[in-house]
Amino acid sequence: MKSREVDALISEGVIVRVRADGKAARLDLTVARSHLASAAAVVDSDPVGAFALAYDAMRKALVAHMRANGLRVRSGVGAHYQTGRYGLAALDGQGIDGALGEFDTLRSLRNRSEYRGALVKEADVYEAISHAQAVVDIVTGEIDG
Amino acid sequence: MRTSSPLLLPIFRSEGQGRLLARVYLHADRPVTIAGLARELRLNDGALTREANRLERAGLVRSDRVGRNRILHPNEESPYYRELYGLLLKAYGPAVVIGEELARVDGIQHAFVHGSWAARYAGEPGSDPADIDVIVVGNPASGLELTRVSSDLFARLGREVNIMVVGEAEWDAAESGFLREVQSRPLITIDLTCGELA
């Protein structure tokens, strides 16, 4: 883990230290994997729902990484955005920079998909699943490895 | 700054002069120093200063000094102000920038600026609205790509650009109260050909 970048988020007050909980982290990852399987299953019939599941799988994998390392995002407005910043800080250089860099784009489309006129296509779901799967795999490897 | 003459509106002596005027006139709420302008517009510092002097002598801009920094503002007292503002808005304003970015998304049939920005284009006076509302008509290939467009537009324009997608049949039928309202108010057609001349 890139401790310097994460320390900067802690200094900023975005991330706070808590007791590390590997068991809860593994449960989060199990849920994230279920979300990915469900997203793939409903992509044709419900792309908006599938996209939300794929996004949440990625977010929960990042939350799992925080839990395993004794960290969490300070609750409040913008917690999802800050989770994305944590991912970029903590998992930089592990071959998933592209996926992590797209977290905020996924977050933005997920938020807008609550409203009329936002577009979620099947291709978007597959892209989200691909990014989320990459993050879930790396975090699983770190926690179980 | 002897940049080439602007393709879209070749009445300015150079593209650089057009961009300088557009930055000062269209973003008067975000004043910036000459040095900042040079960086932002990627123009030579000295040449930009000479151009600013020329525009100030002509009464099209005015400047304030803050310490050693000089900050340009549009001269709203100029007899040309209102018309020049309108020209710059049409040639360099959000509709042009939005068209350049939307052009990279496949499946868009038409796109329009609506709401307060469109009203401003249509000549209704008022301050620049914070957000820009855009309606995209058609079946765009990717929601994620539209989201990236929106994010890139925020970086370029310094304003949120809210993009709403409407199917062609829904747009043509205009059965909802919202679409009827949108279509009854000023609409600015966005050129999706990236500024190509017709």
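Look at (1) buried (at least 20 other Cβ atoms within 10 Å of the Cβ); (2) β-branched (V, I, T); (3) farther than 14 Å from A:R85 by Cβ and you find that A:I15 fails only one, number (3).
The condition (being farther than 25 Å from A:D7 by Cα, out of contact with any Pro (no Cβ under 7 Å at 6 or more places or on another chain) and in contact (Cβ under 8 Å) with a residue 60 or more places away in the chain) is satisfied by just one residue among A:A89, A:A132, A:A128: A:A128. Can you name the number of the only condition in (1) within 14 Å of another protein chain (Cβ to nearest Cβ); (2) in a helix (DSSP H, G or I) that A:I138 fails? Among (1) within 14 Å of another protein chain (Cβ to nearest Cβ); (2) in a helix (DSSP H, G or I), A:I138 violates only (1). Is it the case that some residue within the range B:110-128 is in contact with a strand residue (DSSP E or B) (Cβ under 8 Å, 6 or more places away or on another chain) and within 11 Å of chain A (Cβ to nearest Cβ)? Checked against the condition, which is being in contact with a strand residue (DSSP E or B) (Cβ under 8 Å, 6 or more places away or on another chain) and within 11 Å of chain A (Cβ to nearest Cβ), the range B:110-128 yields no hits at all. Taking B:I163, is it surrounded by 13 or more Cβ atoms within 10 Å (Cβ to Cβ), away from chain A (no Cβ under 13 Å), hydrophobic (A, V, I, L, M, F, W, C) and under 29 Å from B:L87 (Cα atoms)? Criteria not met by B:I163. Using the structure shown, decide if B:A52 is in a helix (DSSP H, G or I) and modelled with pLDDT under 90. Criteria not met by B:A52. Scanning the range B:28-78 for residues that are touching a Gly at 6+ places or on another chain (Cβ under 7 Å), farther than 13 Å from B:G16 by Cα and in contact (Cβ under 8 Å) with a residue 24 or more places away in the chain yields a total of 1.
Out of curiosity, is B:R156 part of a helix (DSSP H, G or I), crowded, with 22+ Cβ neighbours inside 10 Å and of a type outside the set (D, E)? In short, no. Residues in the range B:50-83 that are surrounded by 13 or more Cβ atoms within 10 Å (Cβ to Cβ), out of contact with any strand residue (DSSP E or B) (no Cβ under 8 Å at 6 or more places or on another chain) and within 30 Å of B:D152 (Cα to Cα): B:E51 alone.
Filtering the range B:166-184 down to residues that are without any contact (Cβ under 8 Å) to a residue 40 or more places away in the chain, away from chain A (no Cβ under 11 Å) and of a type in the set (D, E, K, R), which residue is farthest from B:A103 (Cα to Cα)? Selected residue: B:E175.
Whether any residue in the range B:99-106 is of a type in the set (D, E, K, R) and touching a Cys at 6+ places or on another chain (Cβ under 7 Å) is what I want to check. Looking through the range B:99-106, at least one residue is of a type in the set (D, E, K, R) and touching a Cys at 6+ places or on another chain (Cβ under 7 Å). Pairs are defined by a Cβ separation below 8 Å, a sequence spacing of at least 6 or placement on different chains, a first member in the range A:21-41 that is of a type in the set (D, E), and a second member that is at pLDDT 95 or above; the pairs so defined are A:D21/A:R67; A:D21/A:A68; A:D21/A:G70; A:D28/A:K60; A:D28/A:A61; A:D28/A:V63; A:D28/A:A64; A:D28/A:R67. If I ask for residues that are charged (D, E, K, R) and at the interface with chain B (Cβ under 8 Å from one of its Cβ atoms), which ones from the range A:105-135 would you list? A:R112, A:R116, A:K121, A:D124, A:E127, listed by residue number. Mind telling me which of the residues A:V43, A:V136 ends up being within 14 Å of A:A25 (Cβ to Cβ), at pLDDT 95 or above and β-branched (V, I, T)? Going through A:V43, A:V136 in turn, the sole match is A:V136.
Determine if the range B:74-97 includes at least one residue that is touching a Pro at 6+ places or on another chain (Cβ under 8 Å) and of a type in the set (D, E, K, R). No, the conditions are met nowhere in the range B:74-97. Of B:L146, B:L187, B:L157, B:L192, all but one fail to be of a type outside the set (D, E, K, R) and within 14 Å of chain A (Cβ to nearest Cβ); the exception is B:L146. Checking A:G70, A:G49 one by one, the residue that is surrounded by fewer than 18 Cβ atoms within 10 Å (Cβ to Cβ) and in contact with a helix residue (DSSP H, G or I) (Cβ under 7 Å, 6 or more places away or on another chain) is A:G49 and no other.
Within the range A:111-130, the only residue that satisfies the criterion of being surrounded by 23 or more Cβ atoms within 10 Å (Cβ to Cβ) and not hydrophobic (A, V, I, L, M, F, W, C) is A:D124.
The values are calculated or read from the model by the stated rules, or taken from the named source; none is laboratory data. Keep in mind the model is a prediction, meaning the values are calculated, not measured. Counting neighbours? That spans all protein chains shown, and the Cβs are built from the backbone with ideal geometry, glycine included.
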